[in-house]
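*Asks:* Okay, handing you the structure first.
The values are calculated or read from the model by the stated rules, or taken from the named source; none is laboratory data. Fair warning: this is a prediction, and the values are worked out from it, not measured in the lab. Every residue, glycine as well, gets a Cβ built from its backbone with ideal geometry; the counts of neighbours run over all protein chains shown.
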Amino acid sequence: MVKTKTKIFTPEDISRIESEYSLLTDNLYRCDKAGDRELIDKAFRFANEAHRDMYRNSGEPYIIHPINVARIVNQEIGLGSKSVAAALLHDVVEDTGIPLEEITKQFGPKIASLIDGLTKISGTYNQETNSLQAENFRKMLMTLSDDFRVILIKIADRLHNMRTLDSMPEHKRMKIAGETTYLYAPLAHRLGLFAIKTELEDLSFKFRHPRIYDEIARKVKMDEKKNLALINRFSLPIIEELNNNNIIFDISGRFKSIYSIWKKMQTKNVPFEEVYDLLAVRIVFEPGPEMSERAQCWQIYSLITDIYTPKPDRLRDWISRPKPNGYEALHLTVMGPEGRWVEVQIRSQRMDDIAERGFAAHWKYKGDTSQTENELDKWLKHIREMLANPMSDPLTFLDEFKMSLFSSEIMVFTPKGLLVNLPKGASALDFAYEIHTDIGNHAIGAKVNYKLSPLSTTLQSGDQVEIITSNIARPEKEWLDYAHTPKAKNAIKDALRDQSTDRIQKGMEMLEKRLSELGILPNSDIIKKMLDNYELLNKDELYSRIGLGLINLDELRKILKKAPEGSLRKYWRLAIGGVTRIGSGTRETPSLPEMIDKNHPYLLRENVDNTGNSYVIASCCQPIPGDEVVGYLDHSNSIIVHKPKCPAAVKLMSSEGNRIIQVRWTIHKLASFLARISINGIDRMALVSEVTTIISKELNVNIRNINVSVYDGIFEGTIDLYVHHTRDLNNLIMQLSNIKGIASVKRIEEFIE
């Protein structure tokens, strides 16, 4: 992933390499079988020689990276000697020119297979339809059929790259950080690697929003001593009670991660000071012989709630039904000292090991957690089904895979009481396909909790669902609008594709038969006349409509007698002065006024007359001058300006990161940008008039739209207005906040990440 520079290793470099390798070998985990250490030493010697005199952009010897990846693989994920060896060798084929056959010869087919899965795709690809990032990701996932360790090594590789991302140019940092947020952090979460998932999120956030990250980190640091003292006060009576009951345990405090704090601020639309659930305490116990782990969790729960008052709606029982990634724990939130809510996590030692090491730890406890392993097996089966679909383009695959990372978040039941796991937001149609593809293909409705419901009904956890089928029912295109699971989407697409092929064939035969009756041989002129008459784009669409009976062939003779009307087209295109008109709509096609240098920011200059304007403000997030922004160079060479936290931008970073560029605002004094604020408070006479007067007259800001409602003496509303810069918006918010009766004024983001 990181470019290398070549020079001669210094004695200091060699000493550093030996020191880093010692940190790996002196703390090996689960590598005590005969031959393990020899295999690791051999892999290190081979990789060290292959990467000799190669350096990373950071200036350190390149071999330091594979060593650190191997440390993460072993000490943080818990994989064994073969995975450690593969981690040490993972960049050899890609970066040094040593063929995979040599790896097979030296280390055997298993390690060679792991490395092959970790090696990027080389060669050409269609830039209009494919994404090299998506192709690389799909190739890596193809190894799921053979060995899941490839994914875990890749996550370790990404984690170390994120830990050393400072040395990369900004546009590459944005690409890698966006890809990490979009794919790798959710993937780590899905595999139960909670600590790695949290670190990936924080590091990605740090590089995507450095100013916000530093501000939250500074505030967390300021409160650190106070919060530690609070956790100690909170923990003391719990420690005493656990000791009195002869429970062997370890207790530790932790703070919410910076990324999760920011996400809570975004979701709740509150400042840092109003995020109250920052503290958590974790209790990890050694289970005793007298009762089960589950019973002991509830015993500890009872002891804690005897001391502190619990918040009932915040109880999370993941011991009765573990998460799909295997996570087991009992979470409760109680009222602690100084009126602060504190979350308490209760786990056994086994549960904690699985929570920290995720998928790899399941094999250590194989036989004890068959239920959760089955959940992982189901997920792997879904991914393999997606990979087996050759019709899926890489970007569609990326979207479907992303969705699968959040699967099995609700539990619903069949009429006979069998449990089915589905993603949150799944419909009755998804349930039908989850049961069996044939049931989905012939579904016409559902009974949800014994009530007749459409297939589009969104299911809730605990629903009991029965699917009603008919032999004559067939999938419809509209089903894709409310199908959520990859299994359902792929099955519907396959069925529609088969139906389309049948309709096209049927339509072709019907047209040929009708032409034969008229004594006419089919040719391209006839097809063209029919396409023009029915305003269609291609002959497949024509045949399909004939096959569906939407085109009456009894009118064929009349159509063929018409004079050609080649100028009448459904879609026409006329370019005048740099503006392209498509149908009745228009859009600017700006040309780039200068070459793009990805190593330097592209300046977003003011241009009020729209001549030579070389960038477009993304409508999904509506950034304004002063906001952090990132540029996307689309396929027509227009620069689309997004906020880095915009979901559309994050997706682009993860799929087309090579088109992400640095952009910077210049001073904008004339051009205005649309922004929205929310406002609420206690209603009084002339309050709205006072608000609009300050905005339009005192601050000279144009209002586009105002929407205010009053209920029981409380008013709330939104105001859309035009500003030049975030400074103007912040000044306006401050001025409005000083009006008597106003409780809150906030800028509204167009999205929540």
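*Asks:* Can you name every residue in the range 463-493 that is outside any strand (DSSP E or B), without any contact (Cβ under 8 Å) to a residue 40 or more places away in the chain and not polar (S, T, N, Q)?
*Replies:* ILE472, ALA473, ARG474, PRO475, GLU476, LYS477, GLU478, LEU480, ASP481 - these are the residues of the range 463-493 that are outside any strand (DSSP E or B), without any contact (Cβ under 8 Å) to a residue 40 or more places away in the chain and not polar (S, T, N, Q).
*Asks:* Looking only at the range 234-244, which residues are buried (at least 16 other Cβ atoms within 10 Å of the Cβ) and either of a type in the set (S, T, N, Q) or not in a helix (DSSP H, G or I) (or both)?
*Replies:* SER235
*Asks:* Evaluate the following for SER672: is it out of contact with any Cys (no Cβ under 9 Å at 6 or more places or on another chain), surrounded by 13 or more Cβ atoms within 10 Å (Cβ to Cβ) and at pLDDT 85 or above?
*Replies:* When the stated conditions are applied, SER672 does not pass them.
*Asks:* Can I ask one more? Please verify whether GLY717 is of a type outside the set (D, E, K, R), farther than 30 Å from TYR615 by Cβ and surrounded by 15 or more Cβ atoms within 10 Å (Cβ to Cβ), treating the condition exactly as stated.
*Replies:* yes
*Asks:* Just to check your reading of the model, which residue among LEU736, LEU721 is in contact with a Lys or Arg (Cβ under 7 Å, 6 or more places away or on another chain) and either over 21 Å from GLU628 (Cβ atoms) or not in a helix (DSSP H, G or I) (or both)?
*Replies:* Exactly one residue qualifies, and that residue is LEU721.
*Asks:* Here's another thing I want to ask about it. Which pairs turn up if I take residues in the range 1-23 that are modelled with pLDDT under 90 and look for partners that are crowded, with 16+ Cβ neighbours inside 10 Å and assigned to a helix (DSSP H, G or I) with beta carbon separation below 6 Å, at least 6 apart in sequence or on another chain?
*Replies:* Short answer, once both residue conditions are applied: MET1/ASN161.
*Asks:* Against the conditions (1) under 28 Å from ALA648 (Cβ atoms); (2) at pLDDT 85 or above, where does LYS221 fall short? Just the number, please.
*Replies:* (1)
Residues checked against (1) modelled with pLDDT of 80 or more; (2) under 31 Å from the mean Cα position of the chain (by Cα):
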| site | (1), (2) |
| --- | --- |
| LYS268 | no, yes |
| ARG294 | yes, no |
| TYR301 | yes, no |
| ASP306 | yes, no |
| THR333 | yes, yes |
| ILE346 | yes, yes |
| ILE354 | yes, yes |
| LYS366 | no, yes |
| LYS378 | no, yes |
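*Asks:* Same structure, new question: From the list VAL691, VAL701, which residue is modelled with pLDDT of 85 or more, among the aliphatic types (A, V, I, L, M) and in the same structural domain as ALA743 (by TED's automatic domain parsing)?
*Replies:* Residue meeting the stated conditions: VAL691.
*Asks:* Could we say that GLU749 is charged (D, E, K, R) and assigned to a helix (DSSP H, G or I) here?
*Replies:* Considered against the rule, which asks whether it is charged (D, E, K, R) and assigned to a helix (DSSP H, G or I), GLU749 comes out as no.
*Asks:* Then there's this: Quick check: is even one residue across the range 66-86 more than 30 Å from the chain's Cα centre (by Cα) and either assigned to a strand (DSSP E or B) or of a type in the set (Ser, Thr, Tyr) (or both)?
*Replies:* yes
*Asks:* Return the residue satisfying two criteria in turn: it lies in the range 283-292 and is touching a helix residue (DSSP H, G or I) at 6+ places or on another chain (Cβ under 8 Å) and of a type outside the set (Val, Ile, Thr), and of such residues it is modelled with the lowest pLDDT.
*Replies:* Taking the candidates together, the pick is GLY288.
*Asks:* Here are LYS506, LYS416, LYS513, LYS447: which of them is of a type in the set (D, E, K, R), assigned to a strand (DSSP E or B) and either at pLDDT below 80 or more than 27 Å from the chain's Cα centre (by Cα) (or both)?
*Replies:* Residue meeting the stated conditions: LYS447.
*Asks:* Hey, among the residues in the range 623-669 that are outside any loop (DSSP other than H, G, I, E, B) and hydroxyl-bearing (Ser, Thr, Tyr), which one's surrounded by the fewest Cβ atoms within 10 Å (Cβ to Cβ)?
*Replies:* Here the answer is TYR632.
*Asks:* Which number in (1) assigned to a helix (DSSP H, G or I); (2) among the β-branched types (Val, Ile, Thr); (3) under 30 Å from LEU419 (Cα atoms) marks the one condition that ILE231 misses?
*Replies:* Evaluating ILE231 over (1) assigned to a helix (DSSP H, G or I); (2) among the β-branched types (Val, Ile, Thr); (3) under 30 Å from LEU419 (Cα atoms) leaves (3) as the failure.
*Asks:* Quick one: would you say LEU521 is buried (at least 17 other Cβ atoms within 10 Å of the Cβ), of a type outside the set (Phe, Trp, Tyr) and not assigned by TED's automatic domain parsing to the domain that holds ILE444?
*Replies:* The answer is no for LEU521.
*Asks:* Return the pairs, sorted by first residue and then second, in which the second residue is among the hydrophobic types (A, V, I, L, M, F, W, C) and part of a loop (DSSP other than H, G, I, E, B), the first residue lies in the range 538-553 and is in the same structural domain as ASP502 (by TED's automatic domain parsing) and surrounded by fewer than 21 Cβ atoms within 10 Å (Cβ to Cβ), the beta carbons are less than 8 Å apart, and the residues are 6+ apart or on different chains.
*Replies:* That search, which allows pairs on different chains as well, returns ARG545/LEU536; ARG545/ILE551.
*Asks:* Based on this model, can you work out whether ARG56 counts as under 34 Å from the mean Cα position of the chain (by Cα) and buried (at least 20 other Cβ atoms within 10 Å of the Cβ)?
*Replies:* The answer is yes for ARG56.
*Asks:* Same structure, new question: Given the condition in contact with a helix residue (DSSP H, G or I) (Cβ under 8 Å, 6 or more places away or on another chain) and of a type in the set (Phe, Trp, Tyr), answer yes or no: does some residue in the range 58-66 qualify?
*Replies:* So far as the range 58-66 goes, yes, one or more of its residues are in contact with a helix residue (DSSP H, G or I) (Cβ under 8 Å, 6 or more places away or on another chain) and of a type in the set (Phe, Trp, Tyr).
*Asks:* Then there's this: If we keep just the residues of the range 31-58 that are assigned to a loop (DSSP other than H, G, I, E, B) and farther than 24 Å from ILE8 by Cβ, which is modelled with the lowest pLDDT?
*Replies:* ASP32
*Asks:* Taking the condition modelled with pLDDT under 85 and of a type outside the set (Gly, Ala, Ser), does PRO423 pass?
*Replies:* Yes, satisfied.
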